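This report concerns only the one structure given below.
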Amino acid sequence: MPDFLAAALQLTSTSDVESNLNVAEEQIELAARRGADLVGLPENFAFLGDDQKRLKLAPSLVEKCNSFLVTMARRYQIVLLGGGFPVPASDGLRTLNRAELFGKDGQSLAKYDKIHLFDVDLPEGNTYRESATIVSGESTPPVVDVPGLCRIGLSICYDVRFPELYRDLINKGADLLMIPAAFTAFTGKDHWQILLQARAIENTAYVVAPAQTGLHYGRRQSHGHAMVIDPWGTVLADAGVTPGAAIAPADKARVDRIRKQMPSLKHRKPELF
């Protein structure tokens, strides 16, 4: 028997907070009914819209997100990741982008403020400047040992392009890497799956990657394909391009077996690099 079921939820969030949270609860309930013990919501699950509106809503939105996540974890008796929501920054002008993991009792187990900010000009014409309205986190992402599950490491979206972050999580003991995202449609078609598989393979760890999908507002479109990937790099579940969930078993014993069969983590030469 697998240790537990992991669910990577997939949403099409907009600027309508109440609607977003209602849809998120529907997906959480469905995942819980299917037996999921660990459920991840994507980045921007509560709000995905105009930056100025996000900044205006941030003080009330952070309270609403925390209340929602605590209530959902308790109501459905799941370990729940809020994959990214705005938290007012100390400068009063920008926000942090925070992922937070809650236990079945609603207690916060770990939190992480996104370090790597997406400042990119894409060939299809869209420009992204996260640093204009978001402050980079100042602490490396945490690993938390969740009783009855495994050791879980947190990250957010653009972090997936920085393998050193995940090696740090593995050095801290992670067995499972959570990568909630709102990956753009343009980059996602070429990079999303291969990056997720690379992070799983090189670290011999599970990857649970909740995702945004579809058109959110204006030209902002996300790739979808929330996934659960095993430590061998096999895609166990893929949510496709519609709202829903990727749900698959995560087996701590499989992590241990693969790390014995392919002991690349033991063969590292950190003293040379």
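Derivation of every value follows stated rules applied to the coordinates shown; laboratory data play no part. Since this is a predicted model, take the numbers as computed values, not measurements. Heads up, the Cβs are rebuilt from the backbone with ideal geometry, glycines too, and the neighbour counts pull from every protein chain shown.
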Exercise for the section: Residues being touching a strand residue (DSSP E or B) at 6+ places or on another chain (Cβ under 7 Å), assigned to a helix (DSSP H, G or I) and farther than 14 Å from TYR158 by Cβ: count how many of those fall in the stretch 121-137. Expected result: 0
Handout entry: Residue that is nearest to ALA110 (Cα to Cα), among those in the stretch 139-153 that are assigned to a loop (DSSP other than H, G, I, E, B), of a type outside the set (A, V, I, L, M) and in contact (Cβ under 8 Å) with a residue 24 or more places away in the chain
Key = PRO142
Practice task
Count, please, the residues in the stretch 232-273 that happen to be touching a strand residue (DSSP E or B) at 6+ places or on another chain (Cβ under 6 Å) and either of a type in the set (A, V, I, L, M, F, W, C) or without any contact (Cβ under 8 Å) to a residue 60 or more places away in the chain (or both).
Solution key: 11
Completion exercise
Restricting the stretch 67-107 to residues that are of a type in the set (Asp, Glu) and over 19 Å from the mean Cα position of the chain (by Cα), the one nearest to PHE118 (Cα to Cα) turns out to be ASP91
Handout entry: Residues (touching a residue at least 40 places away in the same chain (Cβ under 8 Å) and of a type in the set (Gly, Ala, Ser)) located in the stretch 195-231
Key = ALA205, ALA209, ALA211, GLY214, SER222, GLY224, ALA226
Completion exercise
The condition from (1) on the phi < 0 side of the Ramachandran plot; (2) in contact with a helix residue (DSSP H, G or I) (Cβ under 7 Å, 6 or more places away or on another chain) that ARG151 misses is numbered (2)
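Just the residues that are assigned to a helix (DSSP H, G or I) and in contact (Cβ under 8 Å) with a residue 24 or more places away in the chain, please, taken from the stretch 13-25. Steps first, please.
Quick first cut of the stretch 13-25, residues assigned to a helix (DSSP H, G or I) only: 17-25.
Within the stretch 13-25, VAL17, ASN20, LEU21, VAL23, ALA24, GLU25 meet the criteria.
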Exercise for the section: Please specify each residue of the stretch 16-55 satisfying the condition of being crowded, with 24+ Cβ neighbours inside 10 Å and acidic (Asp, Glu). Expected result: GLU43
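Residue-wise test of (1) within 25 Å of GLU100 (Cα to Cα); (2) out of contact with any Gly (no Cβ under 8 Å at 6 or more places or on another chain); (3) among the acidic types (Asp, Glu); (4) surrounded by fewer than 24 Cβ atoms within 10 Å (Cβ to Cβ).
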| site | (1), (2), (3), (4) |
| --- | --- |
| ALA174 | yes, no, no, no |
| ASP190 | no, yes, yes, yes |
| LEU195 | yes, yes, no, yes |
| GLN212 | yes, no, no, no |
| VAL228 | yes, yes, no, no |
| LEU236 | yes, yes, no, yes |
| ARG254 | no, yes, no, yes |
Handout entry: All strands (runs of 3 or more DSSP E) inside the stretch 166-273 with 1 or more residues being of a type in the set (Lys, Arg)
Key = 220-223
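Criterion first (more than 26 Å from LEU48 (Cβ to Cβ), over 16 Å from the mean Cα position of the chain (by Cα) and of a type in the set (D, E, K, R)) does ARG151 satisfy it? First the steps, then the outcome.
Values: more than 26 Å from LEU48 (Cβ to Cβ): yes; over 16 Å from the mean Cα position of the chain (by Cα): no; of a type in the set (D, E, K, R): yes.
So ARG151 fails the test.
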Handout entry: Residue check for GLU271: more than 19 Å from ARG34 (Cα to Cα) and surrounded by fewer than 15 Cβ atoms within 10 Å (Cβ to Cβ)
Key = yes
